[in-house]
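Working notes, structure below.
Every read-out reported here was derived from the displayed coordinates using simple, explicitly stated rules and does not represent laboratory data. Everything numeric here is computed off the predicted structure, so don't read it as measured data. Cβ placement follows ideal geometry from the backbone for every residue including glycine, while neighbour counts extend to all protein chains displayed.
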Amino acid sequence: MAFSFFALAVFLYIGLDLPEASPIPASAAATEGVEITYGSVIKLMHEKTKFRLHSHDVPYGSGSGQQSVTGFSNVDDSNSYWIVRPEPDSSVKQGDTIPDGTIIRLQHMRTRKWLHSHLHASPITGNLEVSCFGGDGVSDTGDFWRLEIEGSGKTWRQDQRIRLRHVDTAGYLHSHDRKYTRIAGGQQEVCGVRDKRPDNVWLAAEGVYLPVTGSK
């Protein structure tokens, strides 16, 4: 397991053109509450079900027809990695910390598309659809999510419970235990809901965390 995290760290460090600092595999610091910084590559775990936020190159059969986003139980799946990015034209740098209330974007590592939402209905519950859309250099406000840290934390750390609230729709990133039966069989719906619920709490889990290089 240690080797696999090290290999991932090296791969991502080279592939993302990161600053000259050694990335921190989450396996080495999972209980230390390491800070999440821009450029880190993480998995987000749904607190209640323990499924990871996931996407793959499979479109929705209804709604927008964009790339689907689900919750997936397999901890080792590589399609559950997301790169933490700032808003376009932001002055922040890779390695900077992320304060509570900041607008961030999450870029799917494999397909390079952005975690996105809009007013289309989600397939199972009819809530707000969450999809992946755009790509490198192609992003809009539908990709903007406001970080809300539970408790008294001022910057995002790995051990903190968080919510992500979509800027355009005001929907919280949400999941539940209702699952798809076809195409993404066994994976659970991820959607947006406008009210704050226990089912829209997430935790940063596995990943490669860049050390802090900016001022706190």
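Summing +1 for each Lys or Arg and -1 for each Asp or Glu, what net charge is found among the other residues whose Cβ lies under 11 Å from the Cβ of residue 72?
+2
How high is the FRET efficiency between residue 159 and residue 181 when r is their beta carbon distance and R₀ equals 35 Å, given to the nearest 0.05?
My answer for the efficiency is 0.50.
If you average the alpha carbon positions of region 175-194 and of region 56-79, how far apart do those two centres end up, in angstrom?
9 Å
Sorted by packing (mean other beta-carbon atoms within 10 Å per residue), highest first, where do 201-212, 175-186, 120-131 land?
201-212, 120-131, 175-186
Given a Förster distance of 35 Å, report the FRET efficiency between residue 195 and residue 93 from their Cβ-Cβ distance, rounded to the nearest 0.05.
Rounded to the nearest 0.05, the efficiency is 0.50.
Taking 28 Å as the cut-off for C-alpha to C-alpha distance, list the pairs among 93/179; 113/179; 48/93; 154/179; 43/196 that go past it.
Beyond 28 Å: 93/179; 48/93; 154/179.
Stretch residue 146-residue 62 to full length: gain in nm at 0.36 nm per residue minus the Cα-Cα span?
Result: 27.6 nm gained on full extension.
So if we plug the beta-carbon distance of residue 121 and residue 212 into 1/(1 + (r/R0)^6) with R0 = 41 Å, what FRET efficiency do we get, rounded to 0.05?
0.50
Can you work out the base-10 log of I(q)/I(0) for region 75-216 at q = 0.11, 0.14, 0.22 1/Å, using the Debye formula on its C-alpha atoms alone?
Listed by q, the Debye log ratios stand at -0.41, -0.68, -1.72.
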